[in-house]
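Data first, discussion second: the structure below is written as C-alpha cells.
All of the numbers you see were taken from the coordinates with simple rules; none came from a lab. It should be emphasised that the depicted structure is a prediction, and the values quoted were computed from it without experimental measurement. Every residue, glycine as well, gets a Cβ built from its backbone with ideal geometry; the counts of neighbours run over all protein chains shown.
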Amino acid sequence: MAYTIKVNAVDHSVDVDGDTPLLWVLRDVLGMTGTKFGCGKALCGACTVLIDDAAARSCITPIDSVGAAAITTIEAIGNTLSGKKIQRAWLDLDVVQCGYCQSGQIMSASALLASKPNPSDAEIDDAMSGNICRCGTYVRIREAIKQAARSTGTDGSRG
Amino acid sequence: MCCSDRFGFVATARASEASRDANLSRRAFLAAGTAAGGGLLLSVELPALSRNANASDAGAFAPNAFIRIGRDGQVTLIMHKVEMGQGTYTSMPMLLAEELEVDLSQVRLEHAPPNDQLYAEPLFGVQETGGSTSVRGNWEPLRQAGATARILLEAAAAQTWKVDANSCHAARGEVIHGPSGRRLSYGALADKAAALPLPRNIPLKDPKDFKLIGTSAKRLDAPDKVNGTAKFGIDVKVPGMKFAVVAACPVFGGRLASVDDSKAKTIKGMHQVVRLDDAVAAVADHTWAAKKGLAALDIRWDEGPHAKLSTRDIVQQLVTASQRSGVVARQQGDPGKAMASAAQKLEAVYEVSFLAHATMEPANCTVHVRPDGCDVWVGTQVPTFAQTAAAKVTGLPPKKVEVHNHLLGGGFGRRLEVDFILRAVEIAKQVAGPVKVVWTREEDIQHDMYRPYYYDRIAAGLNERGKPVAWTHRVTGSSIMARVTSELFPKTLRVMRAAGLNNLVAMVRGLDVDAVDGAAEPPYALDNVRVDYVREEPPGIPTAFWRGVGPTHNVFVVESFIDELAAAAKQDPFEYRRALLDKSPRAKAVLELAAKRAGWGRPLPSGSGRGISLLHAFG
C-alpha cells in the first residue's frame, strides 16, 4: 500500500509492503544511497538515520511504523547544528578510511551530540557501540566527537 | 575543493587493448597527445584498438593514462589504484601533483578503466590494488608522469613567450616567467603542450624540494564520505535497474536440485526467479521484495560430495599432512643436530581458523548484459579480471565489456576475487535490463573465499642461557598463490617479469612464498633453521588473500612462540627479543621505540596486560 513519509523535510509517497524496512525505501525506492546496507539485522549501524532526532537502525524499521515522524538522513544531517559540527570535526581529523560505515557513525554521533552537548567517554562509548568500523577508525571517531563537542557556533568552527 | 563531481562517472573510457604483451618500460609508455575535449593528455602509446564504440569517442586518438588537462584548466587525475580506505586516492594524487605542480585542491579524480597495458601494478604485472604495493610500485612512475606534463607545459609557455624554458617555472597550475612575471594557466597551454615532443630527460625533484610528499595531506575522498554523496559499487543507480538477492548452495560444491517459486511469485514487487547451476536469485523492484521473494522459495539442494564435511575432518586432514616433509623455504645450519644438543626443547602447534573478509560493504555487482555489450558497475581491486570474467560468462569480447569501477567499502583482499562478479553476470544474462545483485550479510560470510586454515608446527632448542640455537617451523595449509598464479600465468609474460626470478623459482618448486611470509625470515638471529611448507587444500573450501595476507598468520605464530621461549627462559619478552637483534639494527631500533612509547616495564592497572611483537613485511 502507499505510505507517505517525511524524509529531510520533504514528503515522499511510496507504494511498498508495510514490512519493508525504511533502509530499502530510502536506497532503492527513493534513490537516497547515503544510508548504507551492512547487515540487515541492526548489528552494524551502517544504516543509522534519525527518526524524530533519535538514532534508529533503518534496516529493521518497517515503513508502516514510521508514521508522520521526521526522518533525517546523512544527506541532510549537515543542516542540523550538531550534524554540521560532527561533519566538520570528521574532516578536521580525517576520520574516514573506506568510509562505508561513516554515514552511520556520523548519524549516531550527531544524535548523541544533539541530546548531550558534552558527552563523557562512557556516554560516547554507549552511543557509538552499535556502529562497527571495519577499518578501525574508532580512536579518531571518539576524538572527533570530543572536538565537535568543544566547537561552538553555527559554522562549526572551534570555540 | 570540488566535491560533488570529484569521482565523476567515467563515461568515456578510452582505454586501448594491446593485442599482445607489450614488453615496454613504463617510461616508454609515456607519450603526449591531445584529449578528445581538447587539452593535454598524457597517455600510453601502444597499438591502439579503440575499445569504446561510442560515437563520442571518435577523434580521441590517444588513450588515457594518469593526467588529463582540459582547456578550462581542469586537472583530472586518473586513479589506477583503487580506494578502499588505505588512502590511495590521496597518495597517488600527491605523487602526481608534486611533480605536476598543482595543488591537491585543484585536481579532480576519475576511476581508471580496466587496462593492464596502461595501468598494471609494476610489482604484479596486472592492474591490481593489493599487497601494500601502491606507493612502493608507483613512487617513480607517477612522479615521472607528473614531471613530464609539467616540463611540456613549461616548454609550451617558453615557446609562447619566446624565452628560454629555464627561465620559466610552474606553480599551482600556472607557468610563470620569472624575469617578467608573466603567467599562463595550464589550460591556456594545454593545446600547445600536446603538440610538443616528449622530453628525453625527466628529472625528478630532490626530496628536499617536496611540497606535498611527506606532508599529512587531507584525504581527498573525505568530503564525499561525510555527506553521503560518495558512491560505492552498491550505490549505483542505472535507469530501469532491478534488484536481486542471491542464495548459493550452502554447501560448497553442491548444486541446485529444484525450486518451487509458486509462493514467491505472489510477493509484491517480485519479477523473476533466476536458476543457476549452484544458486538461485530473486529479482524484484527493490531489495526487500527480492529478499522476501528469495525467502518464499522452496529450494532443494543436491549438497554434493562435501555434504558431511566438518571442521574436525578439515583439521584432521591438516594434521596428517603436517607429518609430511615440506618444500623448504629456508634451511640454514643443522637444526636437527642443534636441537638434539640443546639444553631445553620447546614444541608448539598453532592453528588459525578460516577467516571471512567481512567488508562493511557486502559483495555486490550491477550488470547490464545486452547482445552487443555488457556494462559492469562494481568496486573491484582487479578491474581487468572483472572485465575478463564478464567477457567469459557473456561470450563477448573483452573490449565489449565496460567496467565502471567505484569506491570500495573495504577490500581486504575480498575484492581481489571476481566470484561475485561472475555470479552477477550469470544472473544478469537471464534478466532483461540492468540488475543490481546484492549479497545479504549472511551470504557474504557464508560464501566468502576465506583466509586458509593454517596448521603450524614450530619448535626451538634453547641453550643454557635460554637463547634459541635451533628453530624449525612447518606451515601447512592451502596455497592461494598456486591458485592465483595458475589463473595469472597463462595471461601474460608481464606477470612473470614482475614476479622476478626468485618468486618464479619458488613457484616451480611448489613453495607458496605468501604462506611462509613472515615465517621464513623472522628478524631474529637464528643460526640453525629449517622452515618448510606443506600444501594441503581443504576439500571444497575456497581460499583467498586476506588483509595483510601471509604475515598476518605468521606473525601470530612466530611472535607467540617467541613469547613462549622468553617465558621458558624466564626472561622479559622485550629484552629476549632485543638480545636477538644485534644483526638487525633497524628492527632493534623499531622494537626499542615501540617499547619506549608503550611504557614497557611501567606497572599496569589490574586486569590489564601488555605485549610486544615485531614483524618485517612489505619492505
Item to check | Peptide A:24-36, shielding by other chains (average Cβ, 10 Å cutoff) | outcome: 5
Item to check | Per-residue ³J(HN,Hα) for the range B:158-167, Karplus 6.51 cos²θ - 1.76 cosθ + 1.60, θ = phi - 60°, Hz, x for Gly and Pro | outcome: 4, 4, 4, 8, 6, 10, 5, 4, 5, 8
Checklist entry - On the first, second and third principal axes, largest extent first, how far apart are the outermost C-alpha atoms of the range B:204-294 in Å? => result 71, 33, 19
Next on the checklist: Counting other beta carbons within 10 Å of each residue's own, what order do B:Arg68, B:Arg441, B:Arg370 fall into, fewest first?
Outcome noted: B:Arg370, B:Arg441, B:Arg68
Next on the checklist: Taking the Cα centre as origin and putting +1 on Lys and Arg beta-carbons and -1 on Asp and Glu beta-carbons, what dipole magnitude results for the protein assembly as shown, to the nearest 20 debye?
Outcome noted: 1360 debye
Checklist entry - Could you give the distance between the Cα centres of the range B:546-587 and the range A:24-66, to the whole Å? => result 45 Å
Checklist entry - Long-range amide H contacts for B:Gln344: which residues qualify at under 5 Å (H placed 1.01 Å from N, peptide plane, sequence gap of 5 or more or a different chain)? => result B:Leu462
Checklist outcome for this item: Surrounding charge for B:Arg172, neighbours by C-beta under 9 angstrom, Lys/Arg +1, Asp/Glu -1, total -3
Item to check | Shielding by partners - mean other protein chain Cβ count within 10 Å, residues of B:77-84 | outcome: 1
Checklist entry - Tell me, B:Val435, B:Val327 in order of fewest to most beta-carbon neighbours within 10 Å? => result B:Val327, B:Val435
Checklist entry - Given 25 °C and 0.890 mPa s, how large is the Stokes-Einstein diffusion coefficient of the range A:2-72 in µm²/s, with Rh as the Kirkwood radius over Cα pairs? => result 209 µm²/s
Item to check | Cut-off under 5 Å, modelled amide H: who pairs with B:Lys242 long-range | outcome: B:Val435, B:Lys436
Checklist outcome for this item: When all Cα-Cα pair distances of chain A are considered, the percent exceeding 24 Å is 30 percent
Checklist outcome for this item: By Cβ neighbour count within 10 Å, fewest first, A:Met1, A:Met107 rank A:Met1, A:Met107
Checklist entry - Average partner chain C-beta neighbours within 10 Å, per residue of A:12-22? => result 3
Checklist entry - In Å and whole numbers, how far do the C-alpha atoms of the range A:77-150 stretch along each principal axis, longest first? => result 27, 25, 17
Checklist outcome for this item: Dipole check, the protein assembly as shown, charges on Cβ (K,R +1; D,E -1), about Cα centroid: among B:Ser486, B:Pro335, A:Asn79 the Cα furthest to the positive pole belongs to B:Pro335
Checklist outcome for this item: In deg cm²/dmol, rounded to the nearest 500, the helical mean residue ellipticity at 222 nm of the protein assembly as shown, built from -39500 (n - 2.57) for every DSSP H run of length 4 or more, is -9000 deg cm²/dmol
Checklist entry - For B:Asp302, which sequence-distant residues (separation of 5 or more, or a different chain) have an amide H within less than 5 Å of its own amide H, given hydrogens modelled in the peptide plane? => result B:Arg255, B:Leu256, B:Ala257
Next on the checklist: What does the net charge come to around B:Arg143 if you take all other residues with beta carbon closer than 10 Å to its beta carbon, with K and R at +1 and D and E at -1?
Outcome noted: -2
Item to check | Relative contact order of chain B, pairs being alpha-carbon contacts under 8 Å that are 6 or more residues apart, as % | outcome: 14 percent
Next on the checklist: Just to check, using Stokes-Einstein with a Kirkwood Rh over alpha carbon pairs, what's the diffusion coefficient of the protein assembly as shown at 25 °C and 0.890 mPa s in µm²/s?
Outcome noted: 85 µm²/s
Checklist entry - Sorted by mean Cβ packing within 10 Å, highest first, what order do the peptides B:501-514, A:63-76 take? => result A:63-76, B:501-514
Checklist outcome for this item: Other residues with Cβ under 12 Å from the Cβ of A:Val29 give, with Lys and Arg +1 and Asp and Glu -1, a net charge of -2
Item to check | Span per principal axis, largest first, for the Cα atoms of chain B (Å) | outcome: 81, 74, 51
Checklist entry - Structure shown: which of B:Lys392/B:Lys429; B:Lys162/B:Lys205; B:Lys400/B:Lys429; A:Lys85/A:Lys116; A:Lys41/B:Lys81; B:Lys400/B:Lys436 lie over 21 Å apart, alpha-carbon to alpha-carbon? => result B:Lys162/B:Lys205; A:Lys41/B:Lys81
Checklist entry - What order do you get for B:403-410, A:49-56 when each peptide is scored by the mean count of other beta carbon atoms within 10 Å, highest first? => result B:403-410, A:49-56
